[in-house]
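Working notes, beginning with the structure itself.
The values are calculated or read from the model by the stated rules, or taken from the named source; none is laboratory data. Bear in mind the structure is a predicted one, so any value in this text is a computation, not a measurement. Cβ sites come from the backbone with ideal geometry, for glycine too, and all protein chains shown count toward neighbours.
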Amino acid sequence: MMKFQVKSFSIACAMALASMGSHAQQPLKIGFLGTMSGPAGALGQDQYDAFMLGIEHLGGKLGNNAVQVLKEDDQLKPDLGVELAKKLIEKEKVSIITGVTFSNVMMAVHKPITDSGVFLIGTNAGPTPITGKGCSPMYFSTSWNNDSLHESMGAYAREQGYKRVYLMAPNYQAGKDAIAGFKTQYKGAALDEVYTQINQPDYSAEIAQMQAANPDAVYVFYPGGMGVNFVKQYQQAGLLGKLPLLSAATVDGTTLPALKDIALGVITGSPYSPDLDNPQNKKFVDDFRKKFNRVPSLYAAQSYDAAMLLNSALLKTQGKIERDAFRAALKQANFKSVAGPFKFNNNQFPIRNYYRVDVAKDSSGQAALVYKSVVLKDHADPHASQCAMN
Amino acid sequence: MTTTLFLIQLLNGLQLGVLLFMLSAGLTLVFGIMSFVNLAHGCLYMMGAYFAATAYAHTESFWVAGLAACVGGAVLAGLVERVVAQRLYMRDHLDQVLATFGLILIFNEIARWIWGASPYYMNVPPALSGTTDIFGVRYSTYRFSIIVAGLLAALGCYVLISKTRIGMLIRAGSINPTMVSALGVNIRLLNALIFSLGGALAGLAGLMSSPILSVQPGMGEPILILVMIVIVIGGIGSVHGAFFAALMVGVIDTAGRAFLPLILREFIDRSSAQAAGPAIASMLTCVFMAAVLALRPQGLFPVKNG
């Protein structure tokens, strides 16, 4: 029921914004493309809600321009994503598209959008091909290269001096990238690398093997429902709290509500934590909670940052979106990110901190994501050197 | 490879096996008696899990959750039978597949609409959390209780089918439905009954898995594939076949995932074994089914035709 209310509320907001726009002079049209339905729909919904909250915080405007946000749901289908991007560009004549939740959709829409001279502000997916060689002057990311989360946990395992780490991930490209990313920073022994079937529901067999191998720590990458299953079963096997569980994208703002106390003790690598101590984050988290009755995820934070980034650039260019001037304005990243220090690298991906964020009880006794320490400071992804831009 | 580890994996296999049995018992009867292909059976499992999790969230009682899952599953299955399946008994299998595939989409969308797209959850009841000693092996109490529940369900099915009048009709129906209806038995009522029984068992499976799995739209489909394999191996229409086949598939699947990468490592280098292990393990049950089909196309424990 709550979901339904939130949805209709955000639709109402969008409509209100749209009608507001029509009174003023021509509003600035921005396309939002994200995965809003299906099992992963919560991610896109967080991105959208946070982006709209950002605009609301700026008085319904970006850089003194009234804006109209056109929301499209790619349903996690790359071909549909391309179709919707074309529709936004050709029919709606948007000059900026933001969002994009998943890497496969990003790979499909990246070229059609940037080739047509439209700015793309990615707020989640950051596949390596477009981080390195395939970087584009029209593409900015407020998130991270896909490897970075795993690099941060690899660095953490190295710092902790774990000698024997057991690695697990689903058997597909992102799972293999996860383990490769972990190993670029971690230099100890990978006791075993286990690739499980994608969307496997039960990990009892693998967990028993893991116990028998007697590792110092375990690193897993299980996004979405797989993460809920894995963490639940890891906890039920009595391992959580005894055997350190390092993870990336496994327990996040979208899966924690399904786990709650069960996930207490999970260690994650993340560029954001809702309790990061800075004024802009406090305002963002408080208002997001008030408005949507849930804690914002990192997907939400990145999208909120995108609204702030666009605002800063549009202020600088006085509302004009001319290719070179607007790009230069975006590159300055003259805004305060809710995630702490933020600047753009030559590939237009952020140089930012990665944190150790644990699942622990917050001040109100609820299981929450709690900031512990900075693992990688001002980290730039290693692919930037392959990008020919500067 | 220690004996303890071997025993734990055997228990894991049994636990998966009884879960598969709960799902395949009803489905194999529907298949056998009415020659009806019901792809939506996984949805009953999913809805059972949702019913259980919701009831548990409100009452904190595992019994109420169980009641909600089983009754909910049975009622829903009865409804599916009345509204959809009944009209399709006489149609060919393609129509049935299409219609029940449509039901999958509808049920998943309903679940998403009511409970949201994010995974829903149910905690392990406190009485069943922790571990138990079984033959000197420490094993999760809850997973052990799944095995017990599954064996009780199997015993219940055995008594119902072998010892009661309804069971006699079910057995007769699975051998020669036309003759049974010619003898004046209301075969429609019998069909509805079997459908509901299957729904109740699927609901029970949903109840038992919701504390260990995330309850989410689409959770019924991956397991449905294994259930289909179980039915084919056991022999279509055969409940005791489904029982033994389910245990076999459960143990083979678990053992494959646990030990195959280790065994492969003895023969090929480590990285290839890591890549090939899970791929071959996921094929094992299908290979087993193919072997059964090649050698005994009627299944390992077929219904005896008089």
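General remarks:
- Of the numbered criteria (1) away from every other protein chain (no Cβ under 12 Å); (2) in contact with a Leu (Cβ under 8 Å, 6 or more places away or on another chain), the one B:T178 fails is (2).
- Residue that is nearest to A:A333 (Cα to Cα), among those in the range A:351-390 that are surrounded by 14 or more Cβ atoms within 10 Å (Cβ to Cβ) and small (G, A, S): A:A380
The rows are residues; the columns are (1) within 21 Å of the chain's Cα centre (by Cα); (2) on the phi < 0 side of the Ramachandran plot; (3) aromatic (F, W, Y).
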{"site": "A:N65", "(1), (2), (3)": "no, yes, no"}
{"site": "A:K71", "(1), (2), (3)": "yes, yes, no"}
{"site": "A:K77", "(1), (2), (3)": "yes, yes, no"}
{"site": "A:E92", "(1), (2), (3)": "no, yes, no"}
{"site": "A:S95", "(1), (2), (3)": "no, yes, no"}
{"site": "A:T98", "(1), (2), (3)": "yes, yes, no"}
{"site": "A:F102", "(1), (2), (3)": "yes, yes, yes"}
{"site": "A:A108", "(1), (2), (3)": "yes, yes, no"}
{"site": "A:N124", "(1), (2), (3)": "yes, yes, no"}
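- Pairs linking a residue in the range B:35-52 that is closer than 19 Å to B:I170 by Cα to a residue that is of a type outside the set (A, V, I, L, M, F, W, C) and surrounded by fewer than 24 Cβ atoms within 10 Å (Cβ to Cβ), with Cβ atoms under 7 Å and 6 or more positions apart or on different chains, are B:F36/B:Y89; B:F36/B:Q96; B:V37/B:H93; B:V37/B:Q96; B:V37/B:T100; B:N38/B:T100.
- Flag if B:T131 is in contact with a strand residue (DSSP E or B) (Cβ under 8 Å, 6 or more places away or on another chain), within 14 Å of chain A (Cβ to nearest Cβ) and at pLDDT below 85: yes
- Of the helices (runs of 4 or more DSSP H) contained entirely in the range A:265-354, those carrying at least 3 residues that are among the aromatic types (F, W, Y) fall at A:279-292.
- Subset of the range B:97-113 [within 14 Å of chain A (Cβ to nearest Cβ), surrounded by fewer than 19 Cβ atoms within 10 Å (Cβ to Cβ) and in contact (Cβ under 8 Å) with a residue 60 or more places away in the chain]: B:E109
- In the set (1) closer than 27 Å to A:Y272 by Cβ; (2) out of contact with any Lys or Arg (no Cβ under 9 Å at 6 or more places or on another chain); (3) surrounded by fewer than 24 Cβ atoms within 10 Å (Cβ to Cβ), A:F221 fails one condition alone, (3).
- Residue, farthest from the other protein chains (Cβ to nearest Cβ), within the range B:115-128, restricted to residues that are touching a residue at least 12 places away in the same chain (Cβ under 8 Å) and surrounded by fewer than 21 Cβ atoms within 10 Å (Cβ to Cβ): B:A127
- Residue in the range B:229-285 that is farthest from B:M22 (Cα to Cα), counting only those that are in a helix (DSSP H, G or I), hydrophobic (A, V, I, L, M, F, W, C) and free of Cβ contacts under 8 Å to residues at least 12 places away in the same chain: B:F267
- Selection count where residues are buried (at least 24 other Cβ atoms within 10 Å of the Cβ) and more than 8 Å from chain A (Cβ to nearest Cβ), scope the range B:212-228: 3
- Residues that are basic (K, R) and surrounded by fewer than 17 Cβ atoms within 10 Å (Cβ to Cβ), drawn from the range A:307-330: A:K320, A:R323
- Lone unmet requirement of (1) away from chain B (no Cβ under 14 Å); (2) within 26 Å of A:P296 (Cα to Cα); (3) of a type in the set (G, A, S) for A:G161: (2)
- All positions within the range B:143-200 that are farther than 26 Å from B:F51 by Cα, of a type in the set (A, V, I, L, M, F, W, C) and assigned to a helix (DSSP H, G or I): B:V159, B:I161, B:I166, B:M168, B:L169, B:I170, B:A172, B:I175, B:M179, B:V180, B:A182, B:I187
- Residue within the range B:230-249 that is within 14 Å of another protein chain (Cβ to nearest Cβ), within 20 Å of the chain's Cα centre (by Cα) and surrounded by 20 or more Cβ atoms within 10 Å (Cβ to Cβ) present: yes
- Check on A:V266, β-branched (V, I, T), within 21 Å of A:D362 (Cα to Cα) and touching a residue at least 60 places away in the same chain (Cβ under 8 Å): yes
- Complete set of residues in the range B:1-45 that are within 14 Å of chain A (Cβ to nearest Cβ) and under 18 Å from B:E221 (Cα atoms): B:L16, B:G17, B:V18, B:L19, B:L20, B:L23, B:G42, B:Y45
- Qualifying strands (runs of 3 or more DSSP E) (wholly inside the range A:138-244; at least 2 residues being touching a residue at least 24 places away in the same chain (Cβ under 8 Å) and more than 23 Å from B:R270 (Cα to Cα)): A:139-141
- When A:E72, A:E90 are checked against the criterion of being outside any helix (DSSP H, G or I) and acidic (D, E), A:E72 stands alone in meeting it.
- Residue in the range B:83-90 that is in contact (Cβ under 8 Å) with a residue 12 or more places away in the chain, over 27 Å from B:H240 (Cβ atoms) and β-branched (V, I, T) present: yes
- Residue in the range A:253-264 that is surrounded by fewer than 22 Cβ atoms within 10 Å (Cβ to Cβ), at pLDDT 90 or above, under 17 Å from A:R356 (Cβ atoms) and not assigned by TED's automatic domain parsing to the domain that holds A:A50 present: yes
- Filter pass, A:M308 being within 14 Å of chain B (Cβ to nearest Cβ) and among the aliphatic types (A, V, I, L, M): no
- Matching residues in the range B:206-224 - criterion: being out of contact with any Ser or Thr (no Cβ under 9 Å at 6 or more places or on another chain) and closer than 23 Å to B:V97 by Cα: B:G206, B:P217, B:G218, B:G220, B:E221, B:P222, B:L224
- Qualifying residues in the range A:373-384 (those that are touching a residue at least 40 places away in the same chain (Cβ under 8 Å) and either of a type in the set (S, T, N, Q) or in a strand (DSSP E or B) (or both)) - the one nearest to A:S143 (Cα to Cα): A:H379
- Scope the range A:177-202; condition at the interface with chain B (Cβ under 9 Å from one of its Cβ atoms) and touching a Phe, Trp or Tyr at 6+ places or on another chain (Cβ under 8 Å); matching residues: A:D192, A:V194, A:T196
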